Amino acid sequence: TAIQVVGAAIVRHRRGLLLRKRGQGIWFFCGGKIDNGEGHIACLRREAREELKIEILSYSGIGTFAGEGLPGQTVEVACYLVTSFVGEPQLSTEHDGYAWVAAGELSKYNITGPTLACIEQLIGGGYL
C-alpha cells in the first residue's frame with residue numbers, strides 16, 4: 001500500500017524550491033505523510049511550517065503522482081502549487097540543503113519519481 005503524502009511545489013520567479021533529505025542525497029518538494037484525520041491542506045500547511053518555517057497563503061492542486069519516494073518506499077503524492085507564502089524558507093534538521101531550481105537545471109539533482117512527474121506538470125503549465 002502506498003503511503004499518502006502531500007507535496008508543496010513552492011514556485012518563485014519560475015524556480016521551484018527543492019529540499020535535500022539529510023543523509024540521502026535525494027531532492028523533493030516540501031511535504032510529508034498525512035496524519036490520521038488530517039486533510040491535505042492542513043498537512044500542507046503543517047509541513048511547510050515544520051520543514052521551512054513558512055506560512056502558505058495561496059495554493060492550487062496540480063495532481064496526484066505515485067512512485068518511489070525514498071528507496072523501497074512507495075508513495076502517492078498529492079502535489080499543490082504554492083505561489084504565495086509568508087517568511088523566508090529556513091531548513092529544519094530533516095534536510096541538509098535546498099535550492100531554487102529552474103527547468104534547465106533539473107538534471108543536476110537526484111529527484112524522486114513523483115516529484116519529477118509533478119515538475120513536468122509545472123513545466124507544461126509554464127510555471128517553471
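Some notes on this structure:
- From 41, 62, 3, residue being open to solvent by 30 Å² or more (accessible area, probe 1.4 Å) and touching a Cys at 6+ places or on another chain (Cβ under 6 Å): 62
- Considered as a group, the residues in the range 102-124 that are touching a strand residue (DSSP E or B) at 6+ places or on another chain (Cβ under 8 Å) and within 19 Å of residue 59 (Cα to Cα) include one that is surrounded by the fewest Cβ atoms within 10 Å (Cβ to Cβ), and that residue is 121.
- Members of the range 91-112 that are out of contact with any Pro (no Cβ under 8 Å at 6 or more places or on another chain) and in a strand (DSSP E or B): 95, 96, 97, 99, 100, 101, 111
- Residue count for the range 63-108, restricted to those that are of a type in the set (Gly, Ala, Ser) and farther than 15 Å from residue 2 by Cα: 10.
- Look at (1) under 18 Å from residue 5 (Cα atoms); (2) surrounded by 12 or more Cβ atoms within 10 Å (Cβ to Cβ); (3) of a type outside the set (S, T, N, Q) and you find that residue 22 fails only one, number (1).
- Qualifying residue in the range 35-51 (condition: assigned to a strand (DSSP E or B) and either on the phi > 0 side of the Ramachandran plot or not acidic (Asp, Glu) (or both)): no
- Residues of the range 65-90 that are in a loop (DSSP other than H, G, I, E, B) and surrounded by fewer than 20 Cβ atoms within 10 Å (Cβ to Cβ): 70, 71, 72, 73, 87, 88, 89, 90.
- As a summary of the residue check, residue 33 satisfies the conditions (1) of a type in the set (Lys, Arg); (2) touching a residue at least 60 places away in the same chain (Cβ under 8 Å); (3) under 18 Å from residue 76 (Cα atoms) except for the one numbered (2).
Residues checked against (1) at pLDDT 95 or above; (2) within 18 Å of residue 128 (Cα to Cα):
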| position | (1), (2) |
| --- | --- |
| 14 | no, yes |
| 18 | yes, yes |
| 21 | no, no |
| 46 | yes, no |
| 53 | yes, no |
| 92 | no, no |
| 110 | no, yes |
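- Contact map, the range 103-128: residues that are at negative phi and of a type in the set (Gly, Ala, Ser) paired with residues that are open to solvent by less than 50 Å² (accessible area, probe 1.4 Å) and in a helix (DSSP H, G or I), Cβ distance under 9 Å, separation 6+ or inter-chain. Pairs shown: 103/119; 103/122.
The values are calculated or read from the model by the stated rules, or taken from the named source; none is laboratory data. Note that the structure is a prediction, hence the values are computed from the model and not measured. So basically every Cβ, Gly included, is an ideal-geometry build from the backbone, and we count neighbours across all protein chains shown. These accessible areas exclude ligands, DNA and RNA; they are computed on the full protein's heavy atoms, side chains included. Shrake-Rupley method; radii C 1.70, N 1.55, O 1.52, S 1.80 Å.
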